[in-house]
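Asks: One structure, as structure tokens, below. Some questions next.
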Amino acid sequence: MEPVFIALGLVVGLLVGMTGVGAGSLVTPALVLSGVSPAIAIGTDLAYAAVSKTAGTLAHRSQRSVDLRAAGLLALGSVPAAALALVGLALTGLHARSTVITLALAFALMLTALALLAGRTRVLALAGRYEASIAPRRDRLTVAAGAALGILVTVSSIGAGALGAVMLVALYPRLSAVRVAGTDIAHAVPLTLVASIGHFWLGHVDLWLAATLLVGSIPGIVAGSLLAGRLPEAVVRRTLAFVLLYAGTRLAFASF
């Protein structure tokens with residue numbers, strides 16, 4: 001096993017456990033920039049995320065920091081959307097076009113970085129203005145948000161963490177930061193499982209590489225879950241945002 005990928009898994013695991021963000025956002029671009037084909041990087045990351053986020057969900061469940069209802073509503077939209085996206089990829093053959101996939105990755109990374117920079121405080125302030133109008137439609141909006149995540153994550157493996165967290169904060173402003181992270185991770189389990197099965201069917205999963213990442217990420221995500229809420233999350237998220245902007249810019253230029 002490559003030590004560099006084990007170390008990558010450890011760092012990503014810590015970030016996922018603390019913030020719910022980091023898996024696809026870091027692993028996929030790191031693999032692509034290391035020379036792995038975009039399609040294999042996406043499929044492998046989804047398989048890795050399905051296992052690592054299961055570990056994170058169990059850790060958060062032990063701390064009672066998962067809102068199962070919110071996670072279930074997100075999955076009600078994301079899982080069918082992921083299945084439809086996989087069918088679309090198979091029928092159009094877009095999954096085999098590395099330039100298109102790389103551009104999709106760059107777009108998803110920049111969108112995720114902007115979501116991170118928005119921050120919980122700004123999103124909460126905005127959500128507070130519209131909470132009265134959101135409340136009666138919260139369930140339907142949560143399902144719709146899940147559907148959007150399902151498509152984006154299936155195509156790029158990115159978005160379930162940062163974008164999912166922003167959507168949860170906007171729709172459920174009363175959830176604590178730790179419960180947002182736990183709910184975000186719990187929702188990502190069925191989504192990444194369905195998406196990874198589909199990518200495995202398309203031939204895009206390197207199981208050995210996924211296992212290498214998991215060696216580092218399983219202990220990392222458990223430790224990160226225990227540290228959630230105890231470290232300056234704002235600093236972590238801003239640093240991660242700038243890393244993602246850099247990676248997204250590099251991928252965008254690399255696709256031309």
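Every number in this text was worked out from the coordinates using simple rules, so none of it is lab data. Bear in mind that the values here come from a model prediction, so they are computed numbers and not experimental data. Every residue, glycine among them, receives a Cβ derived from its backbone with ideal geometry; neighbour counts consider all protein chains shown.
Asks: Treating the angle as unsigned and between 0 and 90°, give the value, to the nearest 10°, between the Cα long axis of helix 38-62 and the longest Cα principal axis of the chain.
Replies: With both axes taken from Cα atoms, the answer is about 40 degrees.
Asks: I need 208, 201 ordered by Cβ neighbour count within 10 Å, fewest first.
Replies: Details: 208 9, 201 12.
Arranged by neighbour count, lowest to highest, 208, 201 become 208, 201.
Asks: Mean separation of Cα pairs under 8 Å and 6+ residues apart, divided by the residue count of the chain: what relative contact order is that in percent?
Replies: Working: 452 pairs, mean separation 115.3, N = 256.
45 percent.
Asks: Using label points projected 7 Å from each Cα along Cα→Cβ, tell me how many nm separate residue 90 and residue 33, to one decimal.
Replies: So the label points at residue 90 and residue 33 sit 3.4 nm apart.
Asks: Rounded to the nearest 500, what is the chain's calculated 222 nm mean residue ellipticity when only DSSP H runs of at least 4 contribute -39500 (n - 2.57) each, over all residues? Don't skip to the answer; put the middle values down first.
Replies: On the way: 10 runs with 212 residues, N = 256.
Computed ellipticity for the chain at 222 nm equals -28500 deg cm²/dmol.
Asks: While we're on this one: For an R0 of 25 angstrom, estimate the FRET efficiency from the Cβ-Cβ distance between residue 122 and residue 148 and round to the nearest 0.05.
Replies: Values: r = 20 Å, r/R0 = 0.80.
Taking R0 as 25 Å, the efficiency between residue 122 and residue 148 is 0.80.
Asks: Figure the gain on full extension for residue 215 and residue 131 (residue separation times 0.36 nm, minus the Cα-Cα span) and round it to one decimal in nm.
Replies: Fully extending the segment from residue 215 to residue 131 adds 26.0 nm.
Asks: In degrees from 0 to 90, rounded to the nearest 10, what is the angle of the helix 207-227 Cα long axis to the longest principal axis of the chain?
Replies: Result, in degrees: 20.
Asks: How far, in degrees from 0 to 90, does helix 162-171 lean away from the longest principal axis of the Cα atoms of the chain, to the nearest 10?
Replies: 20
Asks: Which FRET efficiency value, to the nearest 0.05, do you get for residue 138 and residue 62 by plugging their Cβ-Cβ distance into 1/(1 + (r/R0)^6) with R0 = 30 Å? The partial results should precede the final answer.
Replies: Values: r = 27 Å, r/R0 = 0.90.
FRET efficiency, residue 138 to residue 62: 0.65.
Asks: Kirkwood hydrodynamic radius of the chain from all distinct Cα pairs, in Å?
Replies: It works out to 17.6 Å.
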